[in-house]
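Asks: My structure is below; once you've seen it, I'll send some questions.
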């Protein structure tokens, strides 16, 4: 009974989200509660829900304050000198332009927002690509690779994986630091190759020496928020916050570091109480939207685990997986996770599919952390910039003026290649068993 009820619950959840009959927040709350009541758990359902919410409190806190922190230091103009320097350095050489585009997108995506990354990077670089008659698909691919390779602790996929598997972010992320570095090397290598290919196609003299450098124009509201005199303070503060989080994540919860960092950033950059309130209000919508999703996911995972549905499903599924294949589950998921982004939106996968895979793997002796890490190598990381299930994909196509099919056909091999390289690196470095 329980395995069937759990399967029906997940199928209904996925159908409700993918068909857009319910928002993820509504589906993650209503579907499991109804399933628990149908299963005869009655008032025990409330205990399942509360247990799920308690387990996610640190993750929700980290995500909310991370968004507020990065929003505040970005408003203060911390990234402006870096962005402007990149724009001056790229010149009119296609190889430099593509690599500069990749670096710019990587820096902008530090806050974890794909939409912001594309909204800043593409308009800043597009005029130069058009002047040189460079392929706009290259611009879309460079920005997509930089954003896709980013699975830092405060990004959506990392937060979802941590929440759905009830694992500390540091346990998932810290072993993947060398993997992300390898992924970045691959991405910049591909950026160089794309730029070099454009040089050959256009000819080295295509620029003609008369192309103006790309520039960024800030509006009056943005200028009023800039605090250029605090540049080095904000940089040092960010290094301390992130460094402490990575080095001491086991002892000092990341949520505390972002809380303290936000308070210091606000006090130094915006000592006026009204301005502090305005900066929080400006970024609260994005923070609270994801916080709501995560808390709703706590309801789902709490009910699925507390009721025993998840474990019952896994025990049933274990019988269909040969014991000799158990060790290959992380590698297989790492290779499939990127293409799966075309089939599942992040909430459906991380809160509906991933817990089941993790429980099956656990029954076969594979730690859940390996399953979470495998998913992060592609599922809505390298996969999100081309997935038709994320708005950011259409933003890339709209800003560059290219068709979705052209973007997917051109960029898919590059992003899939990054996932494959990182999966192989996990095997070579002993993170995944083989």
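Each value in this text was obtained by applying a stated rule to the coordinates, not by laboratory testing. A quick note: this is a predicted structure, and the numbers were derived from the prediction, not measured. Cβ: placed from backbone, ideal geometry, glycine included. Neighbour counts: every protein chain shown.
Asks: Rounded if a/c is under 1.5, else prolate if a/b is larger than b/c, else oblate: which is region 1-52, with a ≥ b ≥ c the root eigenvalues of its Cα gyration tensor?
Replies: Since a/c reaches 1.5 but b/c is at least a/b, the shape of region 1-52 is classed as oblate.
Asks: In degrees from 0 to 90, rounded to the nearest 10, what is the angle of the helix 94-108 Cα long axis to the longest principal axis of the chain?
Replies: Tilt of helix 94-108: around 50 degrees.
Asks: So how tilted is helix 309-318 from the main axis of the chain? Cα-based, degrees 0 to 90, rounded to 10.
Replies: Helix 309-318 sits roughly 90 degrees off the main axis of the chain.
Asks: Another question, if that's okay. List the relative contact order of the chain as a percent without decimals, with contacts defined as Cα pairs under 8 Å and 6+ residues apart.
Replies: Working: 635 pairs, mean separation 124.9, N = 434.
Over the chain, the number comes to 29 percent.
Asks: Restricting to DSSP H runs of at least four residues, report the calculated mean residue ellipticity at 222 nm for the chain, -39500 (n - 2.57) per run over all residues, nearest 500 deg cm²/dmol.
Replies: Numbers: 20 runs with 306 residues, N = 434.
Using -39500 (n - 2.57) per qualifying helix, the result is -23000 deg cm²/dmol.
Asks: Moving on to the next point. Report relative contact order for region 88-174 in percent, whole number only (criteria: Cα-Cα under 8 Å, sequence separation at least 6).
Replies: 28
Asks: Here is a follow-up. For residue 235 and residue 424, what is the calculated FRET efficiency with R₀ set at 41 Å and r taken between the beta-carbons, to the nearest 0.05?
Replies: 0.75
Asks: Further question: For a quick check: sort 101, 45, 78 by the number of other beta carbons within 10 angstrom, fewest at the front. Provide the component values of the computation, followed by the final result.
Replies: Details: 101 31, 45 21, 78 24.
In order of increasing Cβ crowding within 10 Å: 45, 78, 101.
Asks: Please determine, in degrees from 0 to 90 and to the nearest 10, the orientation of helix 2-18 with respect to the longest principal axis defined by the Cα atoms of the chain, where the helix direction is its Cα long axis.
Replies: Between helix and principal axis, roughly 30 degrees.
Asks: Sorting 231, 351, 173 on the 10 Å Cβ count, fewest up front, what's the list?
Replies: Ascending number of Cβ neighbours within 10 Å: 231, 173, 351.
Asks: Out of every Cα pair in region 71-196, what percent are spaced more than 26 Å from each other?
Replies: Cα-Cα pairs of region 71-196 separated by over 26 Å account for 25 percent.
Asks: By how many nm would the segment from residue 50 to residue 325 grow when fully extended, if each residue of separation counts as 0.36 nm and the alpha-carbon distance is taken off? Don't skip to the end; give the middle numbers.
Replies: Values: separation 275, 0.36 × 275 = 99.00 nm, distance 3.63 nm.
Answer, rounded to one decimal: 95.4 nm.
Asks: Shifting gears a bit: What spacing in nm lies between the two simple spin-label points modelled at residue 281 and residue 394, each 7 Å away from Cα in the Cβ direction?
Replies: It works out to 3.0 nm between the two label points.
Asks: Additional query: Any idea what the relative contact order of region 1-118 is, in percent, if you count C-alpha pairs under 8 Å spaced at least 6 apart?
Replies: This gives 14 percent for region 1-118.
Asks: If you don't mind, there's one more thing I want to ask. By average Cβ neighbour count within 10 Å, what is the ranking of 35-44, 338-347, 377-386, 161-170 from highest down?
Replies: Top of the packing list down: 377-386, 161-170, 338-347, 35-44.
Asks: Turning to a different aspect of this structure: Efficiency by 1/(1 + (r/R0)^6): what FRET value for residue 263 and residue 119, r their Cβ-Cβ distance, R0 = 35 Å, to the nearest 0.05?
Replies: It comes to 0.80.
Asks: Separate question: Arrange 251, 311, 47 by Cβ neighbour counts within 10 Å, fewest through most, would you?
Replies: Ordered from fewest to most neighbouring Cβ atoms within 10 Å, 251, 311, 47 come out as 251, 47, 311.
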